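Only one structure is covered here, and it is reproduced in the block below.
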Amino acid sequence: MAIASLNYYRYLRRSGFHYLFIHTLSLFFLSRIVELIKLVQRLFISNLKVIIVIAAVLLLVFYIKSVHHTLSLDHNWSITGNHFDDNLDKIRLDLQYAVIIDAGSSGSRVYIYVWPPHSGDTRQLLKIRLLHDQGGKDVFHSITPGLSSYASHPENASDYITPLLNFAAENIPKTKHKETPLYILATAGMRLLPKSSQNLILDDLRKDIPKNFSFLFTPGNVQVISGKEEGIYSWVSINYLMGRFDHTLAKAPLVDVEMKDQRRLKRMNTISMMEMGGASTQIAFEITSTEQYNALREVFHGDSFKDMVSEFNLGCQEHDTNHQYRLFVTTYLTLGANAARKMYTQHLIDSWTEHNYVNTSLNTLETVLFDPCLSIDSSEMVNITRPSQLNNGSTTFLYHLKGSGDFNLCQQKVKQIITVDGLKWCNNGTCPFQDLHKVSVPFVDTEFYGLSEFWYSMNDIFSMGGPYSNSKFNSASSKYCSTSWLVTQDRFKRKLYPNADSKRLLHQCFKSAWMTTVLHDGFKMPKSYSHFTSVSLLHNEPVQWSLGALIFRTRFFPLRSLDNQHGVQVQHVVSNSSNGNNYAEYLLFVICMVAVIFCIIIYLKRLHTMVNATKQPTYFPLKTSDIESYQESGHTEASVQSEHKNVFINMNFS
């Protein structure tokens, strides 16, 4: 009943009626105390029992008050978490802010994160969420093209990023700018540039941004992150949103984790992650035992293994073992969906060329190839220019890929690339297809969440985002591939695929085959595995690596080094004075309880005295007939009356 009441209270607190619940509960217990006092007056129970009952009732009230105080620590956050506007200045000023710019290959996007003061419990991390507008929508802004497009004009990089910074400045209270960290993190597009070009762009940002904006911005806050870091941040983001880092909770699934120093601790099992982008695919999972660690080290040797294992602490202190994690994380370049499509078409053309060698002096030559990974009657043009052996010129080969819509054959061709022909693409000492088969992915007693392309491929057309079923997904994919392209386009015009664009329609057949092949033939996920889930939102929050990046960078919050460096004193945790006020409040409440009990005891004693004074028992002498019976036994009348009076007094006043 207590648990049910607590759950009901939490529901009312979310609904905004928890104070009504508390007041009603208080009146209920007050009425019980009044009835108890009335019962005492009628039954004259002992003072000890009265004290025990009253103390128990008051302690129950004290417990409810304590629970209310604990649950109300996040009161402001729970009520205002999805609503921020200019009328909430008081709450806005109580929040801490951070700005992260995701500088991707095709564009850049700014995210604004907020969080209330820390609870003070080291078993919990900060409660970080995206800033929402008054309608509950995420506050962000995007620009195109990508930051890497300024490689030829690095001096314009800061001008390119300025609209995003202006947007952040407008949505964050001006008084909070100096204590708001700003991070600019670049990904795949910048990674493809030479190191010298990267540095020129980053140096321009480091030089110009502090001149125009007062955000907390150090040279280390702008950088190009590696694929490994991106994978770690995505893994952190998923587990954070799912509450797997909150060690005040002990709910299933639990797992025994063997630490590096052989110590063991029991905590919630973390969720493993796969993410498929346009250029690469990533995987990340926690290493929970020395046996698992040694097995991976036997497969990957030397520096390659060190690059795939990351050990970090998300806690507030260096020695915090609750938040120490050892992660296997790696990136497979060229295994992203778009890069794989290019690789597949090249493989298709090369296979045809091997059996149909053409040597011509023509400037242009057209060829039709049937592609089972395109829907029936759909087509795609691929241009390849090769030097001509008959003259000094070149020939442009126009390959018309015409869809045959055979999903099973498409899977076979894609599988051939992953298992055999992919070894041809090994270069510069890296071979993603070979590494793909080395890793032993733990599919027993663990969950996997799939991000990005895993979600898009399952949801944009099939509306199957969420738990993955191999049989259902294959059936939907086969049906889509065998559908006429004209029918698909007609459905698109009638807005039956609201989440898809024209490129998605054209390449869905291939991407379905690529996704399933990577899962089952690459990572060796059993087709009967039922714990793979594609996700885009978790608890109404978007799953973005940027959230994980912020959590990772605030793991030793408060940011002591930054605060001391910049002279910024930011209140990140509950202050000692606040705790002192809470303790004083509890002490006052205990004193009041003792005073109430003392007053009740005095009242009961006086009540007992008054009742005894007003209800003195009446003594009636023995009748003559009763005395005669005693006289026959040799007693006198005076002695019999005296003995009778003594017995009466002892019975009524002892």
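When you count, for each residue, the other Cβ atoms within 10 Å and take the mean per peptide, how do 284-296, 451-463 rank with the highest first?
Working: 284-296: 17.3, 451-463: 21.8.
Ranking the peptides 284-296, 451-463 by packing returns 451-463, 284-296.
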### Query
In square angstrom, what is the accessible area per residue of the range 209-327 with a 1.4 angstrom probe?
42 Å²
### Query
Stretched out fully, how many nm does the piece from Gln434 to Lys503 gain, at 0.36 nm a residue minus the Cα gap?
21.9 nm
### Query
Expressed as a whole percentage, what fraction of the accessible surface of the range 125-174 belongs to carbon and sulfur atoms when a 1.4 Å probe is rolled over the protein heavy atoms?
49 percent
### Calculated Rg and Dmax of the range 90-184 using C-alpha coordinates, Å
15.2, 50
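Please list 399-412, 300-313 highest first by mean number of surrounding beta-carbon atoms within 10 Å per residue. Show your work: numbers first, answer last.
Numbers: 399-412: 19.1, 300-313: 14.0.
So the order, starting with the most tightly packed, is 399-412, 300-313.
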### Task
Taking the Cβ of Arg206 as the centre, find all other residues whose Cβ is under 15 Å away and add up their charges (Lys, Arg: +1; Asp, Glu: -1).
-3
## Note on the structure
Expected unfolding gain across Val368-His539 under the 0.36 nm per residue rule, minus the alpha-carbon gap, is 56.7 nm
### Summary
Place a point 7 Å from the Cα of Ser530 in the direction of its beta carbon; the residues of the range 468-488 whose amide N falls under 17 Å from it are 468-473
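Less than 14 Å Cβ to Cβ from Gln489, Lys/Arg counted +1 and Asp/Glu -1: what total charge do the surrounding residues give?
Values: positive: Arg491, Lys493, Arg494, Lys495, Lys503, Arg504; negative: Asp377, Asp490, Asp501.
Within the 14 Å Cβ shell, the charges total +3.
Could you please state how large a percent of the accessible area of the range 240-292 is carbon and sulfur, counting protein chains only and using a 1.4 Å probe? Spell out each step's value before the answer.
Values: 1140 of 2190 Å².
Answer for the range 240-292 is 52 percent, counting heavy atoms of protein chains only.
Once the other residues with Cβ under 14 Å from the Cβ of Asn474 are scored (Lys, Arg +1; Asp, Glu -1), what is the net sum?
Working: positive: Lys415, Lys472, Lys479, Lys511, Lys527; negative: Asp406, Asp521.
That sum, taken over residues with Cβ under 14 Å, equals +3.
Taking 0.36 nm per residue of sequence separation and subtracting the Cα-Cα distance, how much length would be gained by fully extending the chain between Asn408 and Lys472, in nm to one decimal? Working shown, then result.
Numbers: separation 64, 0.36 × 64 = 23.04 nm, distance 1.42 nm.
Gain in length upon complete extension: 21.6 nm.
A 24 angstrom limit on the alpha carbon distance is what I want to check against. Which of Lys195/Lys511; Lys438/Lys503; Lys413/Lys438; Lys402/Lys472 exceed it? Could you put the intermediate results ahead of the total?
Details: Lys195/Lys511 32 Å; Lys438/Lys503 33 Å; Lys413/Lys438 22 Å; Lys402/Lys472 27 Å.
Checking Cα-Cα distances, Lys195/Lys511; Lys438/Lys503; Lys402/Lys472 exceed 24 Å.
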### Task
With label points built 7 Å along Cα→Cβ from the Cα atoms of Arg297 and Ser197, find their separation and express it in nm.
4.0 nm
### Label-to-label distance, nm, for residues given as Thr144 and Ser379 (7 Å Cα→Cβ offset)
2.6 nm
#### Entry: the range 199-258 and the range 470-503: distance between their alpha carbon centers, rounded to Å
37 Å
### Query
Counting only protein heavy atoms, what percent of the accessible surface of the range 487-537 is carbon or sulfur at a 1.4 Å probe?
52 percent
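The values are calculated or read from the model by the stated rules, or taken from the named source; none is laboratory data. Remember, it's a predicted structure, so these values are computed and weren't measured experimentally. All Cβ positions, even for glycine, are placed from backbone atoms using ideal geometry, and neighbour counts span all protein chains on display. Note: areas computed on protein heavy atoms with side chains; ligands, DNA, RNA excluded. Shrake-Rupley method; radii C 1.70, N 1.55, O 1.52, S 1.80 Å.
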